[in-house]
Amino acid sequence: MQTVSLKRNGKENLVFTGELLVSLDDREVMGVTPNWWELKLYKTSIGKFILSSTFHINYPNRRTLYGALSFSEAEHLQHYLVNECNGPTKIADEFINRAAKRDNAFQTILNNQKGSTSYKQPTVKPFTSKAL
């Protein structure tokens, strides 16, 4: 594990000890676009998940937006990606698939979905996720 410092718009950098699990540039999935989204997933030394988001906007005005969210459980992160972040489903699916290759909690999510035709909501709304 290493010390990670994430830039955030309007806030101090988020600093924690953890490891990078997944990095995804949406152009890998969606193709080349004038605006794009980079997502990174970290697992902290205490077992929480940090989703880092960088949104590159080139049209109509060039700017970059940075953010980070904390999730206590993998299921809450998946719920956020699928139901709340307004990103294309292909991006959420690819992100969770990559996470499953690196972390058992995400592999369990995929295993539980194999017999299901639709995403199951977590038993508790992910109120533990919060903007950092």
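Hey, can you tell me all the residues within segment 19-68 that are within 26 Å of residue 104 (Cβ to Cβ) and among the hydroxyl-bearing types (Ser, Thr, Tyr)? Selection gives 23, 42, 44, 45, 52, 53.
Scanning segment 42-67 for residues that are surrounded by 20 or more Cβ atoms within 10 Å (Cβ to Cβ) and under 9 Å from the mean Cα position of the chain (by Cα) yields 42, 49, 50, 51, 52.
Each row is one residue, and each column tells you yes or no for (1) under 19 Å from residue 102 (Cα atoms); (2) in contact with a Phe, Trp or Tyr (Cβ under 9 Å, 6 or more places away or on another chain); (3) in contact (Cβ under 8 Å) with a residue 60 or more places away in the chain; (4) not in a helix (DSSP H, G or I).
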| residue | (1), (2), (3), (4) |
| --- | --- |
| 32 | no, no, no, yes |
| 37 | no, yes, no, yes |
| 40 | yes, no, no, yes |
| 54 | no, yes, no, yes |
| 67 | no, yes, yes, yes |
| 82 | no, yes, no, no |
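Can you work out which of the residues in segment 84-99 that are in contact (Cβ under 8 Å) with a residue 60 or more places away in the chain and surrounded by fewer than 21 Cβ atoms within 10 Å (Cβ to Cβ) is farthest from residue 12 (Cα to Cα)? If we take residues in segment 84-99 being in contact (Cβ under 8 Å) with a residue 60 or more places away in the chain and surrounded by fewer than 21 Cβ atoms within 10 Å (Cβ to Cβ), then 90 is farthest from residue 12 (Cα to Cα).
Looking across segment 1-30, the residues that are in a loop (DSSP other than H, G, I, E, B), out of contact with any Ser or Thr (no Cβ under 7 Å at 6 or more places or on another chain) and touching a residue at least 24 places away in the same chain (Cβ under 8 Å) come down to 7, 8, 9, 11, 26. When we screen 24, 6, 20, 39 for residues that are touching an Asp or Glu at 6+ places or on another chain (Cβ under 7 Å) and surrounded by 12 or more Cβ atoms within 10 Å (Cβ to Cβ), the only hit is 24.
All of the numbers you see were taken from the coordinates with simple rules; none came from a lab. Since we're looking at a predicted model, the values are computed, not measured. No Cβ is skipped: glycine too gets one built from the backbone with ideal geometry, and neighbour counts run over all protein chains shown.
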